[in-house]
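Since the structure comes first, as structure tokens, the remarks are kept for the end.
The values are calculated or read from the model by the stated rules, or taken from the named source; none is laboratory data. These numbers come from a predicted model, not from an experiment. Here Cβ is always computed from backbone atoms with ideal geometry, including for glycine, and neighbour counts include all displayed protein chains. Side chains included, ligands, DNA and RNA excluded: accessible areas come from the protein's heavy atoms. Shrake-Rupley method; radii C 1.70, N 1.55, O 1.52, S 1.80 Å.
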Amino acid sequence: GVMMAQDRRTSGAYIDDEAIENKASGIIDRQYKNTVHVNVTSFNRNVLISGEVPSEAAKTEIGRLVAGVENVRNVSNELVVSGPSSLTSRSSDSLTTSNVKLRFMEDKRFNASHVKVVTENGKVFLMGIVKRAEADAATEVASTTGGVQHVVKLFEYLD
């Protein structure tokens, strides 16, 4: 409830995002079982798919499947054709995400709850509904956080 109150998404979009993530993940799991490592993140009906897949064909097909989920407006297909990442790499990504979020909370130029952070193999994806100055500040903070190799902005802008 508290998170939803501070969120710039409508309550309908917030609920849709959860449904999109669950439906898309379910479809991918049924089709690909344990042959892929895919994360689905939806923010205001814009979907980021990240992780590793065994082939370009799998990457394309997963993008098509996710785009077909009800209420999806846009898909950013950031899947990489490679073997699945290691547990060590995923743990490092989790730590990087936590560090970025912590630094966001310390920065007073924007509200940390307005930016969603996803890290995949050292690459940080930033999503949210923000003003350009907020996006610039979030990008600066993320890019100067230890463990971050690259920042990808997937924002919707209010100005």
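Couple of notes before you dig in:
- Cut-off under 5 Å, modelled amide H: who pairs with Glu120 long-range: Phe125
- Flagged links, alpha-carbon separation over 28 Å, of Lys59/Lys108; Lys33/Lys123; Lys23/Lys131; Lys23/Lys123; Lys59/Lys131: Lys59/Lys108; Lys23/Lys131; Lys59/Lys131
- Each label point was placed 7 Å from the Cα along the Cα-to-Cβ direction; for Asn22 and Leu87 their separation is 2.9 nm.
- Ignoring aspartates and glutamates fewer than eight residues from Lys153 along the same chain, the ones with Cα atoms less than 16 angstrom from its Cα are Glu78, Glu120, Glu134, Asp136, Glu140.
- Across the range 54-150, the mean sequence separation of Cα contacts (distance under 8 Å, 6 or more residues apart), normalised by length, yields a relative contact order of 23 percent.
- 5 angstrom amide H check on Phe43, placed H, neighbours 5+ away: Leu48
- Most to least packed among 89-102, 123-136 [average Cβ atoms within 10 Å]: 123-136, 89-102
- Estimated at the nearest 10 Å², the accessible area of His150 is 100 Å² with a 1.4 Å probe.
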